Amino acid sequence: MACDEDTVWITELETALLEECSATDIYCICKGKPLPDHLRADIWQICLDIRDKGNQLIHFNEVFDLQNQAVLREDCVNFVSKLGNEEDDKLSVVSDLESILTFYCKSRNMKYEKNNGFLELLLPLLTLKVQRSTTYNLFEAIHDAYVPQSCQKNGNAFHILRLLLLYHDPELCSFLDTKRITPDMYCLSWFQSLFASTCTLSVVINMWDFYFQQSDPFFIFFLSLIMVVNARDQIISMKNESRENIVTNLTNMPAALEAEDVSDFCSLAQYYAMKTPSSFKTDLMQTLYGGKEGDNAAISQALCLPVSVRELIENVNMETGNVDAVRFFLVDCRPVEQYNAGHLPTAFHLDCNLMLQEPSAFATAVQGLLSAQKQALAVKSNAGGEHLCFLGSGRNEEDQYTHMVVASFLQKHTQYVSLLTGGYMAVHNYFCDNLNEFLQDHNSSQCIVCDVGGLNGDGSSKSSLDCSNNSKSTTNSQSNDLFGKISAAMKSKSAEVKGKLFDYIVNPNNSPVQERHVSSNDKMGKRYRNVAPVFSIDGEVDNFADVNNVQDEERELVPIQSWLKNPDVIEHFPCQEVKLNGFMYKSHLMVTDRHLVVLREIYDKKGIAEIIVKRPLSSIVKITAKKRHPELITFKYGVLDGEQLHITDMDKFLIPNAAKATNVVSEQILNHLKNQD
């Protein structure tokens, strides 16, 4: 029976490949299983979105003159010498590797460095035995879309991994901090090569099968997290050893992973991902993978995992049936007079000033907090959750005390601790038009946010507040340990969890193909003339990478209503902007007689949006829709490259009224072309 089932899914997969399936279709069929060897090359190309990429190496002038060309060549020779190829093949493989890496470095104007993970990334690709041009396209897609851009000492990627470790295993994080061991010391090679430099080839291939089916670049963080958390007992047992020995052991841990362990390993990583607030990933994705500069200081100095106000509000309103989803228990740490002037209905008040002024009362309040949390969980209240989200005022003057409260929980190794970004001010701004409806006991005359005159320009108070009030929650109760370690429990329930994981990963409205970074070679010029636009509303799969549509000199924020009333706007369509990593943003698609404009709503500024797309209609060369999801529309842009149409970019949207939107855009493009003629 098992053999028949294996045959069935492989046959289904082969049929799907003939029908030009998407990465989502592949995941639905394979459910994360290792891929058949004879189909792997085709499936990786689909998941990495390079099937129609073409031979980019034809643009390589075969001039090998990088600054470190000799180093690159030597690395290629040494690398191939360990592969065991026949002597006749070695020269050819070395030549291919040197060409691929030289062209990649030149196309990005970058210097080749030893131990940068490039060759290790290429090793699994060589096993596919595909053409050199395909190997290059696969390497480019993997490195651009999956390797975090901040993979250097003290880079953002490693600060983020530490925050994740602090969130899920604060005791282990504290141990490593005490030893002054930072993630960049042991997992740089993991990130640079997606574990290819430390794991065996069979493990890497199985891991990449799972990884690429998900099309989630951020998954490397949870794979790395599991690698560390699963070895926590071994790590802590080394407390008397030198830092160097601990780092060496940490670095080499992936080598112990075996091929048959990969499925459970990846499933546990998925489970941890589900048990982690998602907004920090959404907010940091562009910094890590989208080419945007991030605020290193903000991330490196973060006290704990940040949570956005949108995620908090949506979480409060979420159905309580899903026991595995993140559920917040909101702890409002503002002074009592601020809390009494307005707060979220589900917030538990823990006055941060008590910590210094009345430590015993503070300890009693913490016991009351844990008791209230336990009771809320027992009755499945919307206010209940395992995950503690602390809320300050959003002003430095009071938040220094909020940070002390949060630090006290972290020092006790409390699991699942996060801090709301922007504090109460962010909540207040989120509900600015309906404050009395969504905030409890809101009093505009006493509310520090409403009382703008009481604030300096930087949001700090002009006069100190009276902090002598007691917390209104001082309930005596036996403290309960509700934050036990979950690592061992997760390992034991891996098989139980795996089945339900796939339902969370697959979003049938998305086609999770991969992002790339904008290349200096991309042609973004005006569309060719005298060539008819190519419109096809069919089942074609989108095969072009996601890029930033608006130049990043400055974010252009505009009032949504003013755009809706703009006389130049011919039609307006509410929609969801769909990024190729699967994320969706509430947006508005506007059609004028010359441009396609998309406004993305700003989650913490109601009524305000960012102009995320502004495309000349003349640059649109194709509009496609999927047969299975006709509401998912892709606009493709391009130029004439010789006699061939060269697609340079694309935007994807989920539009309820997709047919009308397509017709309106098509009509305006045709009118625009007629006017040009």
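The values are calculated or read from the model by the stated rules, or taken from the named source; none is laboratory data. Quick caveat, the model's predicted, so the values are computed rather than measured. Cβ placement follows ideal geometry from the backbone for every residue including glycine, while neighbour counts extend to all protein chains displayed. For accessibility, only protein heavy atoms count, side chains too; no ligands or nucleic acids. Shrake-Rupley method; radii C 1.70, N 1.55, O 1.52, S 1.80 Å.
Annotations
- Inter-probe distance in nm under a simple model that places probes 7 Å from Cα toward Cβ, at E87 and R243: 4.9
- For the stretch 89-236, the normalised intensity computed at q = 0.09, 0.13, 0.19 Å⁻¹ comes to -0.32, -0.63, -1.18 (log10 of I(q)/I(0), Debye sum over alpha carbons, equal scatterers, no solvent).
- Pairs from K114/K281; K33/K622; K622/K660; K106/K622; K605/K652 whose Cα-Cα separation, in the structure shown, is over 26 Å: K114/K281; K33/K622; K106/K622
- Residues of the stretch 155-187 with amide N under 18 Å of a point placed 7 Å along Cα→Cβ from A255: 185-187
- One chain, two ends: I608 and Q69. Fully extended at 0.36 nm per residue, the span grows by 189.0 nm beyond their Cα-Cα distance.
- Distance between the modelled labels on H38 and L670, one decimal in nanometres: 4.7 nm (7 Å Cα→Cβ projection).
- The 1.4 Å probe gives accessible areas that order I647, I50, largest first, as I647, I50.
- Gyration tensor (alpha-carbon) shape descriptor, the stretch 1-96, a/c threshold 1.5: prolate
- Extension gain for K380 to E20 (0.36 nm times residue separation, less C-alpha to C-alpha distance): 125.1 nm.
- Cross-link pairs beyond the 20 Å C-alpha cut-off, checked among K90/K129; K153/K412; K179/K412; K82/K129: K153/K412
- A Stokes-Einstein calculation at 10 °C with viscosity 1.306 mPa s, built on the Kirkwood radius of the stretch 157-263 over Cα pairs, returns a diffusion coefficient of 112 µm²/s.
- The magnitude of the dipole of the stretch 32-80, with charges of +1 and -1 set on the Cβ of Lys/Arg and Asp/Glu and taken from the Cα centre, is near 240 debye.
- Taken one residue at a time, the phi angles of the stretch 127-137 give Karplus couplings (6.51, -1.76, 1.60, θ = phi - 60°) of 5, 6, 6, 10, 4, 4, 5, 5, 4, 4, 4 Hz. Gly and Pro are set to x.
- Over 24 Å (Cα to Cα) - which of K239/K374; K586/K614; K275/K374 fall in this group: K239/K374
- Trypsin sites (Lys or Arg not before Pro) within the stretch 353-412, DSSP loop, no more than 16 other Cβ atoms inside 10 Å: K380, K412
- Among the trypsin sites (Lys or Arg not before Pro) within the stretch 225-291, those in coil by DSSP and having at most 10 neighbouring Cβ atoms inside 10 Å are K239.
- For the stretch 149-227, trypsin sites (Lys or Arg not before Pro) are listed when DSSP marks them as loop and at most 11 other Cβ atoms sit within 10 Å of their Cβ; the list is K153, R180.
- FRET efficiency, N657 to N340 (Cβ-Cβ, R0 35 Å, nearest 0.05): 0.15
- Fully extending the segment from Q446 to N115, taken as 0.36 nm per residue of separation minus the present Cα-Cα distance, adds 113.3 nm.
- The stretch 163-307, dipole about Cα centre (Lys/Arg Cβ +1, Asp/Glu Cβ -1), debye to the nearest 20: 300
- Modelled this way, with points 7 Å down the Cα-to-C-beta line, the labels at E571 and N154 are 5.3 nm from one another.
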